Amino acid sequence: MRSRGCGSAESEYRKMPPLFEMDDYNECMLNPEGTYCVSSFDLYSKGHSSLMHFIREYSAHKTKHFNHTRIYRGVCVTITCEHYFNASNITSDPGMILEGCINETVWRDYKIEARLSKLDYCKRHDDKIVLDVSDYIVATIYVLLVLLNIIGSFYDVILCDKDQKQGNQYLLAFSLRKNWAKLIAPAGSGPDPRLERLKLFNGIRAMTMICVIFSHTALVMSFTYIKNPIYLEKAYDDPLKQLLFNGSLVTHTFFVMSSFLLAYNLQILSETKEIKWTKIPMAILLRWIRLTPPYALIIATISTWMRHIGDGPLWPMVVTSEANICRQYWWANIFYFNNYIYSDDTCFPQGWYLAADTQLFCLGVAFLVLVQRSCYRKVGLVMLFLLSLVITAAHTYFQDLEAVVIQSPESYRSIYVTDDTFDLVYIRGHTNISTYIMGLAGGLLTYHWQKNEKDFSKYKKYRWAFWSQFPLGVAVILSGGFFYIDGYIPSTIVRVTYATFYKPLFQTLIVIFIIGTIFKIETVYRGIVEWRGLTWAGRVSYSAFLLHTMFQRSYVGGLTEPLYMTDYYVLIVLCASTFLSFLCGAGLWLCVEAPLAALSRALLSNKK
């Protein structure tokens, strides 16, 4: 059916019961007996109702519309349903009170009925979340980290001002002055001059991270109660917003960067050291040591203190729910296989990327170490790439999946936990091999061309082709809007073909961009990604990635009324999220990520 709820049908749209409503939470909690319940209700009609017919017809268009047959309410039972509370003999059952109370309201205003679908939870005036042992343990860890940074910094400034190399490397690892110098140091500094050409990666990381924060801003804001859900439903017909709905492609740029650097750096290392298969476990361990400490600290914070830092009618739904699942499944995240185990709620949902990238790193490092002859590597890369295409096509065909992750309003509300395309293809390691292989090939090719001093000056006359990559990349992203066209049902062959090739096509542009920038094909794009101001942001992008949803969730979880969404409002929240994420990310990098990385290097260097 064609999308409705816009233009001439908007007046009919407004006749429907509001999708989300919330009573005054603060007023409710002032009453010593105040009880505030969050629940959902299914609408129905015993007889013929033209309004109910419209609601069902409108909700059937699942790609662009919320399910308006189910409404969501935050109700102060002791005020809104006071007459039921006093007159009913079943006051001990809040579900029955809510159903009777809301059904009466819906019938009076719309002449249709409502039955309780789910009572999520009820909050009472005297409800408190009590501190437990895990809270104190995490607080102790924070105190220890602060003390170590203070001690290391004073040790550096007072005792090691002249020669840091002669000082205690374990204490110097926690020197804020030393880590600050690392943070603001020029990109590409190192013993090998070839590393100087890799400074573009900081710029790409920073800009890709901003895109990720943008997509998660819209996601988290759609996860809460919205006063004007029609804003989101209309967004699907806005070409500019299609960049958001199909922008999940951008996340896979991290796979390309990770694999490119793995291949390139391993080739440089092989010039001075023999790379044996016995080094594979150590390479994997080093990666785990580098990624896990700040990640584990954030998971621990979400599981403990995030429950206590705020309050609101939706706080249990948005914040505490994640804390509870993290307390149960934290081990799956820090051992990086969480993208294969979750079936409903998820701990740190964006952590799927870290898991998939770690799994692909294991594959990549094993391949590069075990297959070192150039001719065998070429054949192996081609075979792995083709195998990945077959895997994606097989998943899409045999499991009847969508070509892309359809960013429907209901998918936003559930954070994709019921989306098979997201769970079975988008977040898995084995379904993302193609983009990782492209990065490996790009890194090996760049190393080979640098070693042979390939002359790229003759290609500079084709700068116009290089400049076309940005509009081509935008075009690939917008092509996903093809699957949002009203009334269009793509055939199986279309879905399978698009699902198989759209990620490799987009990441081909990324690999070409990286290689072209390294070999200085042009100066416009290169000047942007190599800008010194993006260097520090690229370095703290991992910390910003770990932190950004904590700010976003705590913001929407603390709302006491439905959120009125506008373009300007989303932009303001995006800017605030970006600023806080990179600012606090710099703090996390200085106090946790950089010190623990330096500490691990000091420990391992002494135990060679």
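Some points to look at:
- Förster radius 41 Å - calculated FRET efficiency between residue 159 and residue 572 (Cβ-Cβ, nearest 0.05): 0.30
- Separation between Cα centres of region 209-256 and region 269-315, rounded to whole Å: 27
- Viscosity 1.567 mPa s, temperature 4 °C, Stokes-Einstein D of the chain from Kirkwood C-alpha radius, µm²/s: 48
- Backbone N within region 490-509 under 15 Å of label point (7 Å from residue 465 Cα along the Cβ vector): 509
- Stokes-Einstein D in µm²/s, Kirkwood radius over Cα pairs - region 277-390 at 4 °C with 1.567 mPa s viscosity: 79
- Excluding ligands, DNA and RNA, the accessible surface per residue across region 116-264 is 48 Å² with a 1.4 Å probe.
- Exposed loop sites here are GluC sites (Glu not before Pro) assigned a DSSP state other than H, G, I, E or B and surrounded by at most 16 other beta carbons within 10 Å; excluding them, the longest clear run of the chain is 34-270.
- If R0 is 30 Å, the Cβ-Cβ spacing of residue 127 and residue 104 corresponds to a FRET efficiency of close to 0.65.
- Scanning the chain for chymotrypsin sites (Phe, Trp or Tyr not before Pro) lying in DSSP loops with no more than 12 further Cβ atoms inside 10 Å, the longest uninterrupted stretch between such sites is 1-334.
- In the chain, the calculated helix contribution to ellipticity at 222 nm averages -18000 deg cm²/dmol per residue, counting -39,500 (n - 2.57) for every DSSP H run with n ≥ 4.
- Computed from the C-beta positions of residue 324 and residue 62 and an R0 of 41 Å, the FRET efficiency is 0.90 to the nearest 0.05.
- Extending 7 Å from the Cα toward the beta-carbon at both residue 237 and residue 31 defines two label points whose distance is 4.2 nm.
- Relative to the current alpha-carbon distance between residue 331 and residue 120, full extension at 0.36 nm per residue lengthens the span by 73.3 nm.
- Above-threshold pairs, the threshold being 22 Å between Cα atoms, out of 15/123; 182/454; 451/520; 454/520: 15/123; 182/454
- Relative contact order %, the chain, counting alpha carbon pairs below 8 Å whose residues are six or more apart: 22
- The value obtained for region 347-456, namely the Cα convex hull volume divided by the number of residues, is 136 Å³ per residue.
- Looking at the chain alone, DSSP beta bridges between its own residues are antiparallel in about 80 percent of cases.
The values are calculated or read from the model by the stated rules, or taken from the named source; none is laboratory data. This one's a predicted model, so the numbers in the text were calculated from it and none came from an experiment. Virtual Cβ from ideal backbone geometry, glycine too; neighbours counted across all protein chains shown. For accessibility, only protein heavy atoms count, side chains too; no ligands or nucleic acids. Shrake-Rupley method; radii C 1.70, N 1.55, O 1.52, S 1.80 Å.
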